[in-house]
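What follows is one structure encoded as structure tokens, with my remarks underneath.
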Amino acid sequence: MYLHQIMRRTSIPYKPLVIFPLLLLFLGACRRSDLAAITPSETNVPTVTPIVVTPTLTATPSPAYLTPVTPTGSPTWTPIPVTAPYEQVPEQIDDGWLPASLVDVGIDPVWINKMLGAIDPGNRRGIRPSEQNEAYSFHDIHSILIVKDGRLVFEEYFYNYYRENPHTLASVTKSITSLLVGLAIDQGHLSGVDEKILPYFPEYLPLQQPDQRVGEITIEDLLTMRHGWECDEWDPASITYRTKDFEYKHADLVKATLELPVETDPGSHFSYCTPSTVVLGAVLERATGMTLSQFAWQNLFDPLGINRATWMHVPGGGWTQAGSGVEMIPRDMARIGLLVLRNGNWNSEQIVPESWIQRSTEEHVALEQDQPSWDRGYGYLWRLGEYQSRI
């Protein structure tokens with residue numbers, strides 16, 4: 001469930017968001033140069049929404065009784081007076097995050113309390129409340145974090161989850177894989193997005209299926225879900241429909257995906273397919289000579305100060321689940337979001353090339369409005385959309 005939906009139902013003013021399935025980052029009004037987009041993803045459904053929003057804001061004079069801390073970056077609001085504030089401030093621990101209050105960064109905590117009033121806090125871990133419970137509008141939200149001006153200003157957990165609980169990122173993993181592709185290209189492991197994928201798997205040649213178009217599939221085709229295979233997790237008629245357990249029926253998922261029938265010319269048609277991202281992860285492993293986990297830790301996770309992240313593997317073949325297999329705690333998920341919002345820069349160090357952030361969050365595929373949960377289009381394993389502020 002997405003935060004903008006919560007706010008629409010509760011008449012809460014809202015601002016630009018970076019949305020994860022279990023983590024929501026409230027970003028406030030940022031300069032355009034500070035904005036990139038993070039993909040939302042929910043369990044077993046498409047990846048998340050990159051968001052770029054430039055709202056018009058009206059500053060409110062700071063009341064005399066407030067003595068706010070100075071947030072990092074450039075504050076976009078002066079503190080606002082409140083009458084019934086959400087008063088909790090995230091705990092500062094030795095993980096690099098600096099806390100601040102909502103008021104310190106110009107977020108009205110009255111509206112945050114209204115948001116919380118719409119969320120079911122849950123009873124016991126893993127227990128889903130009855131859908132007939134009308135006391136709350138939204139269920140199964142495990143955590144919400146709000147980051148503004150580089151400060152952690154809100155942190156709440158539900159259903160007996162807590163700060164150290166790792167969460168499977170589901171399809172948000174795809175966007176992390178996209179960042180790793182950009183790093184591999186920048187380091188020369190890959191020549192570019194036009195590189196063909198089939199030469200990385202000589203042990204599977206010749207393929208059993210005779211369609212020569214498999215040899216035309218490029219890295220960009222996998223980044224944009226325009227692979228051409230008969231692979232569609234949203235189509236009940238597809239052999240890879242999400243309830244048919246395609247990933248678990250084959251000893252080698254990469255080989256099985258390469259052998260899928262080709263329905264359309266590569267690069268011509270969008271078709272959401274997690275196995276194609278597993279193939280992309282396998283290309284990265286062959287190109288870098290490292291597992292996806294090793295490459296991620298060396299070039300992304302360690303530089304960001306991430307302490308806990310686990311990659312799962314698909315059955316058979318030893319391939320990494322590059323499409324849905326990362327587990328991470330919410331505070332570290334927030335690091336990924338802030339990195340992208342800062343165009344790949346972290347603490348004055350360029351971790352991911354800015355050009356890759358810009359290119360991968362551009363619209364490469366325009367999607368029809370009837371596509372499930374899509375707002376505007378698709379980038380390089382990023383879902384794209386726009387939301388407007390009500391303030």
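Before moving on, here are some points about what is shown:
- Residue order, fewest to most beta carbons within 10 Å, for PHE154, PHE201, PHE295: PHE201, PHE295, PHE154
- Loop-resident trypsin sites (Lys or Arg not before Pro) (DSSP state other than H, G, I, E or B) in region 134-178 with no more than 15 further Cβ atoms inside 10 Å of their Cβ: ARG163.
- Karplus-derived 3J(HN,Hα), 6.51/-1.76/1.60, for each residue of region 191-206, Hz, glycine and proline x: 7, x, 6, 7, 5, 6, 8, 4, x, 7, 10, x, 5, 9, 8, x
- Whole-Hz couplings from phi, Karplus 6.51/-1.76/1.60, listed for region 264-279; x for Gly and Pro: 9, 5, x, x, 10, 9, 7, 8, 5, 8, 4, x, 5, 6, 4, 4
- Measuring how big region 249-391 is from its alpha-carbon positions, Rg and Dmax come out at 17.0, 53 Å.
- Convex hull of alpha carbon positions in region 172-328: directionally averaged projected area 8.7 nm².
- For VAL105, the shell of other residues with beta-carbons less than 10 Å away shows a net charge of 0, using +1 for Lys and Arg and -1 for Asp and Glu.
- Residue order for SER360, SER348, fewest other beta carbons within 10 angstrom first, comes to SER348, SER360.
The numbers here are math on the coordinates, done by the rules we state, and not lab data. Remember, predicted model here, so these are calculated numbers, not experimental data. Glycine also receives a Cβ, built like all others from the backbone with ideal geometry; neighbour counts cover every protein chain displayed.
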